Amino acid sequence: MRTLSTILLLAAALSPPKPVWTGPSVTLLGGPSKDGRWLSYVDHGDLALRELASGRTVVITKRANGSKEFAYFSTISPDSRRIAYAWFNKLGFYELRVVDLDGGEPRILYRNEETGFVQPCAWSADGSQILTLLFRKDNISQIVMQPAAGGLPKVLKSLNWIYPKKMDLSPDGRWIAYDSFASENSGERTIYLLAVDGSRERRLISEPGDHLFPVWTPDGNSVVYASGTGVRMLDLADGKSRSIADNLGRVVPLGITQDRTYYYGLRTGGTDVYASEIDMAQGKSGGSPRPVSIRFPGRNSQPSWSPDGQWLAFLSRRGTETFGEETRVLVLRAAKGDGERELAPKLARMDAPHWTPDGKALLVRGTDRLGREGLYRVDTETANAVRVAEPVDANGCSPAKAVLCGTELRVGAERYETTLAKPTELAWAPQRDAIFVGDGSRLVRIPLDHSPVQKVDTPSGFSIHPNGRTIAFTAGSTNSEVWALKIP
Amino acid sequence: MTRAAGFVLLAAAIAQAQVPLGLDAYIPAPENNPLSIEKIALGRKLFFDKRLSRDGSIACASCHDPNLAFSDARPVALGIAGRKGTRRSPRIANRAYGKSFFWDGRAATLEEQVGGPIANPLEMDLPVAEAASRVNLSETELRRALASYVRTILAGDSPYDRFVAGDRTALNAQAQEGLKIFRGKGGCIACHLGPNLTDESFHNTGVGAGDEGRAKWSGRPEDTAAFKTPSLRDVASTPPYMHDGSVATLEDVVEHYNRGGRANPYLDSELHRLQLTDAEKRALVAFLKSLSGTIREGSL
């Protein structure tokens with residue numbers, strides 16, 4: 001008897017995941033309806049539905065052509081009649097809206113410019129409340145219950161500025177499962193239960209590891225969540241968790257339907273940093289590109305050469321990739337040999353690294369642990385990050401007395417129009433008869449004899465070695481797919 | 001056309017809220033001391049009970065006066081027989097959301113904290129067990145009841161809270177300007193953040209002399225003269241300011257920050273000269289005044 005049920009269980013657990021939707025139009029911003037008929041998503045900025053069985057799509061909202069507005073996260077009501085969704089409005093922030101599945105006028109449920117971001121996560125079983133995340137201007141995120149009929153949301157809990165990746169309501173409407181950091185100094189997440197009446201909270205999962213994206217099973221007996229590259233399920237009765245699927249990849253769970261089908265997104269592909277030679281005669285990139293690092297393949301981007309040409313700095317992702325601000329480190333790779341060093345400054349987000357002219361630091365666009373955005377100077381020795389007030393510092397002096405000033409290149413008394421709106425880097429051509437100037441996505445060659453500026457054909461996200469012969473660039477892309485898995 | 005449904009309901013919804021507007025409905029309490037009506041009522045009685053002091057002359061409320069935002073008007077606390085303490089009585093609203101207690105954070109829970117003033121020779125000067133037996137309770141019962149009551153002292157629903165909740169008329173133009181400075185040029189939000197306007201963490205802002213502050217308990221030199229960031233709720237009603245009551249007015253506090261705090265080897269790296277104009281200083285003070293709202297106590 002026992003063996004039989006074990007075998008049955010295993011059989012169920014082992015039924016392989018199936019791809020449900022692939023291709024360039026997949027977005028992972030919505031979820032399935034409880035009846036398993038629809039999947040909400042975003043189609044060119046409009047809220048849309050995909051009929052899972054037929055692949056038929058219905059676009060619900062109607063953005064005006066060229067409009068700045070667009071739909072973002074969405075969740076379908078339990079009776080499959082309404083969708084709550086975030087809408088980026090004309091005023092420049094997100095508001096919470098609800099619309100009938102069969103069309104009609106959307107209604108605004110929550111619009112508050114003090115709360116620039118909203119994410120509806122789940123409906124209560126009776127359709128009266130929408131569990132929603134608010135993200136305030138002062139960098140506080142809040143777990144709230146928003147009445148579906150309108151009115152002020154009830155704030156249950158305020159968190160620091162890094163917000164849950166996902167929250168879900170138990171079918172009996174009494175508990176919220178959400179993920180947040182395991183402890184104040186931890187980058188790892190774990191799952192908590194918060195009583196909807198605000199009376200209690202407890203940590204649900206105490207095992208070490210990165211546990212996130214909790215979703216309740218329809219019977220309310222278990223919570224299914226992503227853990228590393230797999231999916232696990234915790235039985236609330238005995239507090240034990242077990243694996244449902246391993247080695248799926250980069251999973252972004254979307255929801256569970258009444259018939260216990262678990263829908264999740266998969267992120268595939270990735271980007272890497274390559275180096276390649278520039279063909280001087282042609283003003284074209286030439287030679288065959290070689291990957292700069294073999295550690296953490298598919299996770300690297302945005303290279304920048306140090307002014308002395310000894311180091312290539314780039315960003316590299318760590319941890320599980322999910323939505324929003326992923327964890328990144330700065331890698332410093334020696335130009336010669338395999339020397340590699342990692343800098344993990346105390347910044348929550350980093351982008352667009354480039355070296356300071358003295359070669360002692362990297363400037364990155366970023367957000368600190370208090371959620372303050374700005375330009376930060378990261379010391380390459382200590383990894384200390386300090387906010388710098390003047391972003392134009394980035395356009396400082398070149399290695400050899402060529403200076404970028406606004407859109408202009410100045411070499412001694414000579415001035416050259418770069419033809420770029422915001423040039424940020426420059427390098428001497430090897431013969432020192434020209435200077436390469438780039439803005440991070442385009443590259444031009446400026447001959448010093450004032451002959452016409454030449455466009456250089458390069459991939460985006462590049463950096464030129466000060467020797468003018470080598471460029472490093474980012475190549476590859478990340479794609480999304482939707483998969484389904486039967487939960488035992 | 002889309003309709004902005006629900007906004008007319010704002011005022012009604014604010015009135016219905018269970019906790020004052022701006023606070024979390026979830027009020028943390030330890031697993032072994034969940035809030036109950038009985039404990040809260042008992043704790044409330046004890047809070048005003050002078051028997052908890054050796055000579056029966058003072059109660060918790062003597063230093064944490066409900067009419068003064070649960071603080072007092074003195075630069076430093078005054079215990080039994082006119083004994084002068086070394087630190088200022090803090091406002092104790094919203095401590096339920098706190099992470100550590102006292103200016104130096106030496107108590108990890110409110111249950112632990114409430115025994116402190118009872119036993120402190122400069123305050124109530126009575127062994128906690130003795131205080132408990134005077135009121136026919138066990139020490140644990142006394143601590144749990146007092147802690148439960150303190151958890152119900154909740155301050156919110158200020159003009160600031162209404163503004164943040166979406167009522168654009170709740171702050172006048174000057175206070176809105178002050179809020180901008182608070183979040184931006186003033187850098188106040190680096191420490192005074194969240195619903196309770198505190199990071200519950202310790203910083204040296206260059207106030208006071210001779211008090212080691214957090215360093216005494218953490219043993220870390222960098223915590224020298226670092227004190228816990230106080231909540232700024234109802235701050236306007238309780239001068240003088242800081243852990244030693246050494247700063248007389250809100251204008252003086254703003255001046256202190258404008259100078260970048262007082263220079264010393266342990267000064268927090270977030271502080272620097274602000275170069276605020278006189279109008280900006282006035283705006284910041286106007287904003288600080290908008291943090292006064294209603295204080296509710298004693299109910300679940």
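Among the residues of the stretch A:221-234, none qualifies, meaning not one is surrounded by fewer than 21 Cβ atoms within 10 Å (Cβ to Cβ) and under 18 Å from A:LEU131 (Cβ atoms).
Conditions tested, residue by residue: (1) in the same structural domain as B:ALA41 (by TED's automatic domain parsing); (2) hydroxyl-bearing (Ser, Thr, Tyr); (3) under 23 Å from A:SER158 (Cα atoms).
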{"site": "B:VAL150", "(1), (2), (3)": "yes, no, yes"}
{"site": "B:ARG162", "(1), (2), (3)": "no, no, yes"}
{"site": "B:LEU171", "(1), (2), (3)": "no, no, yes"}
{"site": "B:GLY194", "(1), (2), (3)": "no, no, yes"}
{"site": "B:ASN204", "(1), (2), (3)": "no, no, no"}
{"site": "B:TRP217", "(1), (2), (3)": "no, no, no"}
{"site": "B:ARG220", "(1), (2), (3)": "no, no, no"}
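Quick grid of which residues meet (1) within 18 Å of A:PRO214 (Cβ to Cβ); (2) crowded, with 20+ Cβ neighbours inside 10 Å:
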{"position": "A:ILE143", "(1), (2)": "yes, yes"}
{"position": "A:LYS154", "(1), (2)": "no, yes"}
{"position": "A:ASN160", "(1), (2)": "no, no"}
{"position": "A:TYR163", "(1), (2)": "yes, yes"}
{"position": "A:SER170", "(1), (2)": "yes, yes"}
{"position": "A:TRP175", "(1), (2)": "yes, yes"}
{"position": "A:SER186", "(1), (2)": "yes, no"}
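Listed conditions (1) in contact with a Ser or Thr (Cβ under 8 Å, 6 or more places away or on another chain); (2) outside any loop (DSSP other than H, G, I, E, B) are all met by A:GLY127, apart from (2). When A:LEU131 is tested against (1) in contact with a Lys or Arg (Cβ under 8 Å, 6 or more places away or on another chain); (2) more than 10 Å from every other protein chain (Cβ to nearest Cβ); (3) crowded, with 17+ Cβ neighbours inside 10 Å, just one condition goes unmet, and that condition is (1).
Table: residues versus (1) crowded, with 18+ Cβ neighbours inside 10 Å; (2) free of Cβ contacts under 8 Å to residues at least 24 places away in the same chain; (3) in contact with a strand residue (DSSP E or B) (Cβ under 9 Å, 6 or more places away or on another chain); (4) assigned to a helix (DSSP H, G or I).
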{"site": "B:LEU232", "(1), (2), (3), (4)": "yes, no, no, no"}
{"site": "B:PRO239", "(1), (2), (3), (4)": "no, no, yes, no"}
{"site": "B:GLY245", "(1), (2), (3), (4)": "yes, no, no, no"}
{"site": "B:TYR257", "(1), (2), (3), (4)": "yes, no, no, yes"}
{"site": "B:SER292", "(1), (2), (3), (4)": "yes, no, yes, no"}
{"site": "B:ILE295", "(1), (2), (3), (4)": "yes, no, yes, no"}
{"site": "B:LEU300", "(1), (2), (3), (4)": "no, no, no, no"}
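Of the helices (runs of 4 or more DSSP H) entirely within the stretch B:69-181, those holding at least 2 residues that are of a type in the set (Lys, Arg) occupy B:139-151.
If the condition is being farther than 16 Å from A:GLN146 by Cα and out of contact with any strand residue (DSSP E or B) (no Cβ under 7 Å at 6 or more places or on another chain), then the stretch A:94-113 contributes A:ASP102, A:GLY103, A:GLY104, A:GLU105, A:GLU113. Scanning the stretch B:206-215 for residues that are under 26 Å from A:ASP368 (Cα atoms) and either open to solvent by 40 Å² or more (accessible area, probe 1.4 Å) or outside the structural domain of B:ALA165 (by TED's automatic domain parsing) (or both) yields a single hit, B:ARG214. The strands (runs of 3 or more DSSP E) found wholly in the stretch A:170-226 and carrying at least 1 residues that are within 27 Å of the chain's Cα centre (by Cα), under 21 Å from A:ALA245 (Cα atoms) and more than 14 Å from chain B (Cβ to nearest Cβ) occupy A:175-181, A:189-195, A:211-216.
The values are calculated or read from the model by the stated rules, or taken from the named source; none is laboratory data. Remember, predicted model here, so these are calculated numbers, not experimental data. Heads up, the Cβs are rebuilt from the backbone with ideal geometry, glycines too, and the neighbour counts pull from every protein chain shown. Just so you know, the surface numbers come from the protein's heavy atoms only, side chains and all, with ligands and any DNA or RNA stripped out. Shrake-Rupley method; radii C 1.70, N 1.55, O 1.52, S 1.80 Å.
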